[in-house]
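S.K.: I'd like to ask some things about the structure below.
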Amino acid sequence: MKLLNKFPGLLFLLLSLVVVLFDQGTKIWIINNLALYQDINVLPVFDITYVRNHGAAFSFLSDAGGWQRWFFTIIAIVISVLLTFWMAKTPIKQKLLLTAYALILGGAIGNVADRMMYGYVVDFLHFYYDSWHFPAFNIADVAISCGAALLILEAFIDFNQSKKTTTAKNTKLGSVKMKIETGHEVVFHFSIKLSDDSVADSTKVNNKPAKLTIGDGNLTPGFEACLIGLEKGDEKSFTLQPEEAFGEPNPDNIYYLDRDKFGSDIPAEVGTIVAFTQPDGAELLRHDTRSRRSVSYS
């Protein structure tokens with residue numbers, strides 16, 4: 001009981017025992033009631049026929065020189081030991097996998113018992129159609145085949161569950177909104193409006209968002225402070241003083257141009273915004289007296 005408490009998967013050895021008893025019971029009946037190659041017709045496509053198989057399942061290598069008896073016996077014993085070990089290590093909740101192991105183990109023991117007792121395996125399940133005949137087999141072969149099929153099924157189920165788990169994790173991660181912090185690379189749109197609600201600058205004009213890393217010096221601390229803590233999809237408005245948005249006044253940002261450099265339609269008033277563009281239309285500079293990046297006229 002202590003062993004089963006520690007390795008509950010070994011409970012499925014009972015299924016292996018059932019397979020062995022059923023397999024050996026049917027073979028004993030065949031040996032005691034049928035002569036070699038005698039058959040009993042059950043269906044138009046199925047007979048019970050007593051044959052001796054000196055090879056592996058479904059008469060594989062049955063016509064070899066005799067060495068195959070001990071070769072397959074050793075292989076079956078090794079596989080049986082490995083299956084028992086895997087059953088001990090497999091969690092009891094993995095019932096499909098344990099059932100597969102138990103069926104293959106029971107079938108392997110059933111056939112190896114034949115080889116050790118008789119030197120051959122007793123086969124008697126014979127399917128055919130017209131002149132086509134499928135190699136005769138036995139209950140042990142059926143158990144091994146069913147176990148192998150369950151292993152394949154378990155592999156498909158495990159693959160699908162793993163795929164769903166991975167998808168669920170990715171979905172969960174994708175649904176988590178990260179807050180902007182220093183060092184994060186962000187892509188965002190912005191519009192800068194003056195106190196009279198006129199737009200001084202906006203990324204939405206060309207629909208080209210700004211892209212930068214928080215803390216890399218491209219934005220003033222006041223501007224960055226507004227972005228920190230925001231999440232994907234947030235839309236918020238902030239009121240900043242010119243110094244917070246653009247930094248302290250810098251004399252190097254003050255340019256003096258003659259009035260006649262501008263057309264008569266440009267008013268020389270405080271607050272006038274002037275955009276300088278290249279011949280291809282790309283904007284070079286935009287100056288605003290109230291943002292402390294100013295144009296003075298003389």
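The values are calculated or read from the model by the stated rules, or taken from the named source; none is laboratory data. None of these values were measured; they are calculated from a predicted model. Because the Cβ atoms are built from the backbone with ideal geometry, glycine has one as well, and the counts that use them run over all protein chains shown. Protein only, heavy atoms only, side chains kept; ligands, DNA and RNA dropped before computing areas. Shrake-Rupley method; radii C 1.70, N 1.55, O 1.52, S 1.80 Å.
S.K.: Would you confirm whether or not the stretch 80-94 contains a residue that is β-branched (Val, Ile, Thr), in contact (Cβ under 8 Å) with a residue 60 or more places away in the chain and open to solvent by 40 Å² or more (accessible area, probe 1.4 Å)? Lay out the reasoning, then the answer.
M.R.: From the stretch 80-94, those β-branched (Val, Ile, Thr) are 81, 84, 90, 92; that's our starting set.
Among the residues that remain, those that are also in contact (Cβ under 8 Å) with a residue 60 or more places away in the chain are: 84, 90, 92.
The next check asks that each one be open to solvent by 40 Å² or more (accessible area, probe 1.4 Å); those that pass are 84, 92.
Yes, the stretch 80-94 contains a residue that is β-branched (Val, Ile, Thr), in contact (Cβ under 8 Å) with a residue 60 or more places away in the chain and open to solvent by 40 Å² or more (accessible area, probe 1.4 Å).
S.K.: Just to check your reading of the model, which residue among GLY25, GLY110 is open to solvent by less than 30 Å² (accessible area, probe 1.4 Å), in a helix (DSSP H, G or I) and at pLDDT 90 or above?
M.R.: Values: GLY25 fails: open to solvent by less than 30 Å² (accessible area, probe 1.4 Å).
Sole residue among the options that is open to solvent by less than 30 Å² (accessible area, probe 1.4 Å), in a helix (DSSP H, G or I) and at pLDDT 90 or above: GLY110.
S.K.: What's the total number of residues in the stretch 229-246 that are within 19 Å of SER191 (Cβ to Cβ) and either acidic (Asp, Glu) or assigned to a loop (DSSP other than H, G, I, E, B) (or both)?
M.R.: The first filter runs over the stretch 229-246 and keeps only residues within 19 Å of SER191 (Cβ to Cβ), leaving 230, 232-242, 244-246.
Among the residues that remain, those that are also either acidic (Asp, Glu) or assigned to a loop (DSSP other than H, G, I, E, B) (or both) are: 230, 232-241, 244.
Total satisfying the criteria: 12.
S.K.: Since SER195 meets every condition but one in (1) hydroxyl-bearing (Ser, Thr, Tyr); (2) surrounded by 11 or more Cβ atoms within 10 Å (Cβ to Cβ); (3) under 17 Å from GLU243 (Cβ atoms), which condition does it not meet?
M.R.: Only one criterion in (1) hydroxyl-bearing (Ser, Thr, Tyr); (2) surrounded by 11 or more Cβ atoms within 10 Å (Cβ to Cβ); (3) under 17 Å from GLU243 (Cβ atoms) is unmet by SER195, namely (2).
S.K.: Quick one: how many residues across the stretch 1-22 are of a type in the set (Phe, Trp, Tyr) and open to solvent by 90 Å² or more (accessible area, probe 1.4 Å)?
M.R.: Keep residues of the stretch 1-22 that are of a type in the set (Phe, Trp, Tyr), which gives 7, 12, 22.
Still in the list and also open to solvent by 90 Å² or more (accessible area, probe 1.4 Å): 22.
Number satisfying all stated conditions: 1.
S.K.: May I ask you to list pairs of residues, at least six apart or on different chains, whose Cβ atoms are under 8 Å apart, with the first in the stretch 205-225 being without any contact (Cβ under 8 Å) to a residue 40 or more places away in the chain and small (Gly, Ala, Ser) and the second being surrounded by 12 or more Cβ atoms within 10 Å (Cβ to Cβ) and not in a helix (DSSP H, G or I)?
M.R.: Hits for this filter: ALA210/PHE188; ALA210/HIS189; ALA210/PHE190; ALA210/THR203; GLY222/LEU240.
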